[in-house]
Amino acid sequence: AASKLEVSMPAVVEVESGGTARMECNFYIPENGSYTYIDWFYIDRNNLVRLCHITGSEVLEENTDYKGRLLVGEDKALSISRVTVQDARTFVCQVGAGSHGVGENRTELHIYKVPEAPEIVANPGGISVQSSDIPQIAQCVSRNSFPPPNITWHRNGEQLQPEEKLVKIPYTLTRESSGLYTVSSTLFTHVTREDRNSLYHCTVHYWLRGQRRDVESQRVNVTIFYPAQHVKLQVMPSSVLVKEGDNVKLVCEADGNPAPVFSFYKRELEDSWQDLTSLADTNSGVLNLHNVNKSSSGLYRCQTLDLDDMRQLEKDVELVVNYIEGVHVKMEPSSPLQEGDSVRLSCDAHSPVALHYQWRDEKGRKVAEGNQLFLSNLTFETSSNFSCKVIAPSVPGLEQSKQVAVAVQGKPRIVAISSPLYVRQDEVVNLTCKAIAFPRPSVHWNVNGTAHEYVENQHIASNLTVRVNHDLLRAGAMCRVSNALGVSEKHIQLLDQKTPESKGVIIVAIIVCILVVAVLGSVIYFLHKKGKIPCGRAGKQDITKPEARKDKIVVEVKSDKLSEEAGLLQGANGEKRPAADQ
């Protein structure tokens, strides 16, 4: 057991700024003695400044800066509320125990404040790889911490260390009025074109309860300026072949930043170059060619100029515009065609790519494949406009068409008339005559009226409006169609249509006849039911026999039907008779 007064306290107490610090004072007095007093002090410039004096249960608080923030517990521990960074000092607990003397010990009070997340700001102007001075990459600031933290820099996750003429990391430390610290660190380092995608960040390091803690900033990218090393020129869209009528873009790209100035040229004869820069967007490097044709084909050049080092780069591309030209249709024979003739149509065209031929009629329907179309046994109906469609299968959308008229000549042929036509006296009717011919025929009528003509392809139709009279009913009408190659005519027969009254008389007569037949049938059936009319072959009367029993009807009845027919046969007086009498 200890033979003297001993006082024990924790060496260090850590409290966050704004919290409450509690410092214990444990002591041992030999022979179970008791203390006489306990004093709490803090050290200020090597001087003890008493905070409070404790005797028994009485606590006397001194008039210091801590007045109002002190609290002494039952275990004599001292608590200080609302601590600030100024409270980071040494506190002393002194115990007096009479004859056992005086003992004391001390505790270091550490105040900490976790730093805020660091703020990072990248260089907003961009950095050139050709800069002779070490350029500033970014600045990092950590605010409101205690004690002051440390800041490190990282590129793509790898820590950067200061290196003479390559990497500089100066920093500034500022103590605010609150006693907290603000730390600012700036990164200076050379860059290359590979750093255009690099990410930079800073990390704030601080200690808390004996452990190292870290807080990282956001990642930032810095704009890097570097000259172009390569240039690329391509035709867009690049996935399809170019054909006449297309809109084409020549896109020039360089791997420099910022993009250089672009110029465009097209090679002419004898290796001379036509300047097309005025037609291009020199900032984006795009030359637009609208509605290209055969003459647009050729060698194009893109030239770049870097304004920093005046270095020039260039790239060429060949533009091939696919086309179809000279579509021609030949007809054999070329002389006028008559009905029954045959004709051969041949189609030809020129193109740098393979061609495919189709024949279509005037309604757009495909009638044949290949560059020849053979038509035999021609008629007026065959006359039509045929088109030769020339297609380049390897170039989607590239096609041309040429139309040819196949006209069959001949004298008119009447294909339809309104005959016979049922009419009534004094009725106004339309007489129709339709014919086909080429050259176009004329239509004439042998009767007077109002005529209207309609023409469709090789057909001509004439409608004649007339009033029916006796002569027209008797003679009819004649349609005469003629052209330079001949004449055709047909007769239209007109028939007198009965009046509704005469039709009514016929219908009534038919109905009367039907009624008379129905009445006669009913009478015959009635007499048969009364037995006045014999039936069957065996029921015929013998006219040579006596007339004694003329009221009797002799009927031959088969035995298997006796029971069925017995009830149907009666005498003249309507009474039933036995089967034997029958």
(message) Step by step: first the residues of the range 178-215, then only those that are surrounded by fewer than 14 Cβ atoms within 10 Å (Cβ to Cβ) and polar (S, T, N, Q), then the one that is nearest to the chain's Cα centre (by Cα). Which residue is that?
(response) 197
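Each row is one residue, and each column tells you yes or no for (1) at pLDDT 90 or above; (2) assigned to a helix (DSSP H, G or I); (3) closer than 17 Å to residue 311 by Cα.
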residue: 246; (1), (2), (3): yes, no, no
residue: 250; (1), (2), (3): yes, no, no
residue: 253; (1), (2), (3): yes, no, yes
residue: 270; (1), (2), (3): no, yes, no
residue: 274; (1), (2), (3): yes, no, no
residue: 284; (1), (2), (3): no, no, no
residue: 288; (1), (2), (3): yes, no, no
(request) Grab the strands (runs of 3 or more DSSP E) fully contained in the range 343-424, keeping just those with 1 or more residues being of a type in the set (A, V, I, L, M), within 30 Å of residue 480 (Cα to Cα) and open to solvent by less than 50 Å² (accessible area, probe 1.4 Å). (result) 399-406, 408-417, 421-423
(request) Within the range 75-132, track down each residue that is more than 22 Å from residue 46 (Cβ to Cβ) and of a type in the set (Asp, Glu). (result) 75, 116, 119
(message) Regarding the range 100-120, can at least one residue be identified that is β-branched (Val, Ile, Thr) and either outside any strand (DSSP E or B) or under 60 Å from the mean Cα position of the chain (by Cα) (or both)?
(response) yes
(message) Just to be sure before I move on: is residue 120 in contact with a helix residue (DSSP H, G or I) (Cβ under 6 Å, 6 or more places away or on another chain) and not basic (Lys, Arg) in the structure I sent?
(response) no
(request) Could you tell me which residue of the range 79-135 is least open to solvent (accessible area, probe 1.4 Å), considering only residues that are charged (D, E, K, R) and more than 30 Å from residue 33 (Cα to Cα)? (result) 87
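Residues are listed down the side, and each one gets a yes or a no for (1) in the same structural domain as residue 127 (by the TED database); (2) in a loop (DSSP other than H, G, I, E, B):
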residue: 152; (1), (2): yes, no
residue: 201; (1), (2): yes, no
residue: 205; (1), (2): yes, no
residue: 218; (1), (2): yes, yes
residue: 238; (1), (2): no, yes
(request) May I ask you to list pairs of residues, at least six apart or on different chains, whose Cβ atoms are under 6 Å apart, with the first in the range 5-18 being over 23 Å from residue 178 (Cβ atoms) and the second being of a type outside the set (Ser, Thr, Tyr) and not in a strand (DSSP E or B)? (result) 5/29; 5/97; 5/100; 5/101; 9/25
(request) Of the conditions (1) outside any strand (DSSP E or B); (2) at pLDDT 90 or above; (3) in contact with a Pro (Cβ under 8 Å, 6 or more places away or on another chain), residue 173 clears all except one; give me its number. (result) (1)
(request) Could you run through the range 34-53 and say how many residues are among the hydrophobic types (A, V, I, L, M, F, W, C), surrounded by fewer than 19 Cβ atoms within 10 Å (Cβ to Cβ) and touching a Lys or Arg at 6+ places or on another chain (Cβ under 8 Å)? (result) 1
(message) Testing residue 223 on (1) of a type outside the set (D, E, K, R); (2) more than 16 Å from residue 304 (Cβ to Cβ); (3) crowded, with 17+ Cβ neighbours inside 10 Å, one condition comes back false. Which one is that?
(response) (3)
(message) Go through (1) among the polar types (S, T, N, Q); (2) in a loop (DSSP other than H, G, I, E, B); (3) in contact with a Cys (Cβ under 7 Å, 6 or more places away or on another chain) for residue 131 and report which single condition fails.
(response) (3)
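The values are calculated or read from the model by the stated rules, or taken from the named source; none is laboratory data. Quantities reported herein were computed from a predicted structural model and do not represent experimental measurements. Cβ coordinates were reconstructed from backbone atoms using ideal geometry, including for glycine residues, and neighbour counts include every protein chain displayed. Each accessible area value is taken on the protein alone, full model and side chains, heavy atoms only, with ligands, DNA and RNA left out. Shrake-Rupley method; radii C 1.70, N 1.55, O 1.52, S 1.80 Å.
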